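Notes for the one structure printed next.
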Amino acid sequence: MSPGTPRELMDERAVERALARMARELVERNGGVRDMVLVGVHRRGVPLSERLADEIERAEGARPPVGSLDITLYRDDLMAIGPRPVVGESRLPEGGIDGRAVVIVDDVFYTGRTVRAALDELADFGRPSRITLCVLVDRGGRELPIQPDVVGLTVQARAEQRVEVLIPPLDERLAVVMADRPGDES
Amino acid sequence: MPTFLGKDLIGLEHLSAEQILAILDTAETFKEISERPIKKVPVLRGKTIVNLFFEPSTRTRISFEFAEKRLSADTVNVAATGSSVAKGETLVDTARNLEAMRIDMVVIRHSASGAARFLAERIPSNVVNAGDGRHEHPTQALLDLLTIRDHRGRIDGLKVCIVGDVLHSRVARSNIWGLLRLGAEVAVCGPATLMPAAVETLGVRFFRRIEEAIEWADVLNVLRLQLERMQAGYVPSLREYNRFFGVSNDRLAAASDDILVLHPGPMNRGVEIDSDVADGPHSVILDQVTNGVAVRMAVLYLLAGGAPEAAEAAKGGGR
């Protein structure tokens, strides 16, 4: 595959089907919607968590609250990344996360370092009764002993390949694509 | 690795609009950390910061200390009194000794203009100017800018008047440079004895009468009248200063309804500002204090190499 010609791994319908299935799995794992809180990891985890909440509401008639988490300040490589500063905001739903079943939602699971940072950050907000990790794509390549519980698509990508989730309103369409790129991923 | 702000923050005079806006945007997101149940993020964990205060300052030092602690840095406060400075040690010797203890950042307040730059050029640690003589007080100006932007939604095109002792004020200088860089119209108002010679060359208007300034301005930044100026003969008496330049509710009646009143503190109530203004609906003085912590967090973070947009790029495809 040459750079600039991304291969589509999931089209809009495939993503929607996966989200519907993931929503069911989340409800099953957590014994219903009660006490469930979805927390999207900035940025694409945020619209994904909103879509999952929509799916859960459609199926269960109740919508779990949705928050967002920006893990930037919890990264383990702050000093090694480039010089343009934007920190996103972390915003947890009313009522906090103490004693609740928190679902961390992210677009792509790769090394596990984002999730480690998200777990650290959540611990600063409170003590959930349990935490589930839900990702649309697991691309392989873990560097830490962390793995997702609920997955939309599993794919083995090489280090020099880039797996991207496209999702409105951040992107024009809903899809998962893979492309070659110069490999400098952290 | 060069950081977005460079090694040090000495003043606003040489910062670009992009850099100033980036500090304000970062500060905006840092405000939320102070609302959390655990008001701390690990971003400067393991970093040691020395607050080197050669001049007394409670507000600025505490604000820096909160900012440092909320970013998980380890901090040490050194005051001139009781330290080896009182025994005649030079600034550079003090700094070199601190360096030898493997510190990462120095926040310095000094009565000599240029002290912060002097230090920055001689030690490898990041240096943040917390006020040097009559020169600059960049974090104060940044928190003023953030407060104005919070309340007005912009800086560009606003009319801001700085009232009082502009001649001796580092706050005024930093404010003038920052405001002009972001596209505000800036004026000063105060007794001619407390204005720099040819003040207009700084790019500001000069109002001799406070009534005119108030009528013109969207924002008033009222400076503290340092009382020693009275002994030095710059103003005849506090009562007279208040009569001619004091910001009172009567005078604000002529202002636009949504005029903002800022003051860097500590205030001389009844001298440069009346209590009913300081505690009134136009005052955003306590917002300035709150914003001070967020702005200082942003500055320390950016000097340390903070970088999240790149983080987003690095994250592409998940981490």
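We did not get these values from a lab; they are worked out from the coordinates using the rules stated. These numbers come from a predicted model, not from an experiment. In this analysis, Cβ positions are derived from the backbone assuming ideal geometry, glycine residues included, and neighbour counts consider all displayed protein chains.
Odds and ends about this structure:
- The Rg/Rh ratio for segment A:58-150 is 0.98, where Rg is the radius of gyration of the alpha carbons and Rh is the Kirkwood radius.
- Helix B:285-303 and the longest principal axis of the C-alpha atoms of chain B enclose an angle of approximately 30°.
- If you take all other residues with their beta carbon under 11 Å from the beta carbon of residue B:190, and give Lys and Arg +1 and Asp and Glu -1, the sum is +1.
- Solution diffusion estimate, µm²/s, Stokes-Einstein, segment B:1-91, Kirkwood Rh from C-alpha pairs, 20 °C, viscosity 1.002 mPa s: 139 µm²/s
- One compactness figure for chain B is 1.01, namely its Cα radius of gyration divided by 2.2 N^0.38 Å.
- Amide H to amide H distances under 5 Å link residue A:109 with A:137, A:138, A:139, where only residues 5 or more positions off or on other chains count and H is placed in the peptide plane.
- Under the combined filter of DSSP loop state and at most 10 neighbouring Cβ atoms within 10 Å, segment B:1-104 retains these trypsin sites (Lys or Arg not before Pro): B:102.
- Per-residue ellipticity at 222 nm from helix content only, as computed over the protein assembly as shown with -39500 (n - 2.57) for each DSSP H run of at least four residues, stands at -10000 deg cm²/dmol.
- Kirkwood-Stokes translational diffusion coefficient of the protein assembly as shown, alpha-carbon pairs, 37 °C, 0.692 mPa s, µm²/s: 131 µm²/s
- Over the Cα atoms of segment B:180-242, the radius of gyration divided by the Kirkwood radius equals 0.98; this is the Rg/Rh ratio.
- Chain A: C-alpha gyration tensor shape, a/c 1.5 cut-off, then a/b vs b/c: oblate
- For chain B, the relative contact order works out to 21 percent when only alpha carbon pairs closer than 8 Å and six or more residues apart are counted.
- Three-way shape call for segment A:1-77 based on the alpha-carbon gyration tensor, with the a/c threshold at 1.5: oblate
- Hydrophobic long helices, here whole DSSP H runs in chain A with Kyte-Doolittle means of at least -0.5 and Cα atoms spread over 30 Å or more along the helix axis, are not found.
- Helix B:59-70 vs. chain B, principal-axis angle (Cα, 0 to 90°, nearest 10): 30 degrees
- Taking the DSSP beta bridges with both ends in the protein assembly as shown, the antiparallel portion is around 15 percent.
- Under 5 Å between amide hydrogens, built in the peptide plane, is the criterion, and for residue A:91 it picks out A:68, A:69, A:70 among residues at least 5 positions away or on other chains.
- In segment B:125-255, Cα pairs under 8 Å separated by at least six residues give a relative contact order of 24 percent.
- Short-range pairs are left out: with C-alpha atoms under 8 Å and at least six residues apart, the relative contact order of chain A is 26 percent.
- Here the translational diffusion coefficient of segment B:165-296 follows from Stokes-Einstein with Rh set to the Kirkwood radius across Cα pairs; for 10 °C and 1.306 mPa s it amounts to 105 µm²/s.
- Compared with the dominant principal axis of the Cα atoms in chain B, helix B:138-152 is inclined by about 70°.
- Residue B:100-residue B:151 pseudo-label distance in nm [points 7 Å out on the Cα-to-Cβ vector]: 4.9 nm
- For peptide B:17-26, the mean count of partner chain Cβ atoms within 10 Å of a residue's Cβ comes to 1.
- Between segment B:1-40 and segment B:155-211, the alpha-carbon center distance in angstrom: 24 Å
- Amide H contacts of residue B:47: B:74, each under 5 Å away and 5 or more positions distant or on a separate chain (H built 1.01 Å from N in the peptide plane; Pro and chain starts excluded).
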